[in-house]
Amino acid sequence: MAVKAGDLERSLIDALGECARLRLPYEPEAAYVEFVRQYYHWVPATDLGDRSPLDLCGALVAHWRTAQLRRPGEVKVRVYNPETERDGWRSVSTVVEIVSDDMPFLVDSVTMELSRQGYPIELIVHPVIRVVRDRAGELTEVLPPSAFVPGGHPESVIHAEVGRQSDPDRLAVLQAGVELILEEVRAAVEDWSSMRARASA
């Protein structure tokens, strides 16, 4: 019997949910269940076909932890080479994790910066997830895609895998370049309406 794509997705989500429960034993399932459901939702199954469920889960849980605390306007960037003992998963690639307010041009700008630095891009995961945070920036709720709750706002969650780089200095340059390009995107987006008004005047 043929297996439908939707069945594959449900099977993957079930497996990731069970894995997340084991890796986040002190967090209520309700806190992260929507994050699990949405993280890989838009990634073609062929892009994940050679990944083990444990490594897919490890990447998701690592990104969940990066997203836990983010103040308004802050961009979180983490560049690292995952190791099982330290990170709970492994990859032959260098990983760039980003959590940011959702803005236009984010993915295009990040991929251009990675290419400019000479890194071949092997995978991009980019869900836009609506979240609720408290005044300190602590993540309190991940909303279903159709839910509009007072205080909820969309955040871009970007996971990029690039050709592995082991030189710590090059990794630092990579992270600094991604952080700078994200600052420039924010400046352009925030100034856009003012520039358009000035141009019209």
State whether the residues of the range 79-93 include one that is in contact (Cβ under 8 Å) with a residue 40 or more places away in the chain and open to solvent by 80 Å² or more (accessible area, probe 1.4 Å). yes
For the range 83-139, name all the residues that are among the hydrophobic types (A, V, I, L, M, F, W, C) and more than 24 Å from R164 (Cβ to Cβ). M103, F105, V128, I129, V131, V132, A136, L139
Specify which of the listed residues (L143, L123) is touching a Gly at 6+ places or on another chain (Cβ under 8 Å), farther than 22 Å from L180 by Cβ, among the hydrophobic types (A, V, I, L, M, F, W, C) and open to solvent by less than 50 Å² (accessible area, probe 1.4 Å). L143
Is it true that some residue in the range 37-51 is closer than 25 Å to E184 by Cα and crowded, with 19+ Cβ neighbours inside 10 Å? no
Within the range 66-77, restricting attention to residues that are surrounded by 15 or more Cβ atoms within 10 Å (Cβ to Cβ) and of a type in the set (D, E, K, R), which residue is farthest from I158 (Cα to Cα)? R70
Here the qualifying pairs (Cβ atoms under 6 Å; residues six or more apart or on different chains; first in the range 145-160 and free of Cβ contacts under 8 Å to residues at least 40 places away in the same chain; second of a type in the set (A, V, I, L, M, F, W, C)) come out as V149/L143; G151/V132; G152/V132; G152/L143
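The values are calculated or read from the model by the stated rules, or taken from the named source; none is laboratory data. What you are looking at is a predicted structure, and each value in this text was computed from that prediction instead of being measured. Every residue, glycine among them, receives a Cβ derived from its backbone with ideal geometry; neighbour counts consider all protein chains shown. Please note that ligands, DNA and RNA were not included when accessible areas were found on the heavy atoms of the full protein model with its side chains. Shrake-Rupley method; radii C 1.70, N 1.55, O 1.52, S 1.80 Å.
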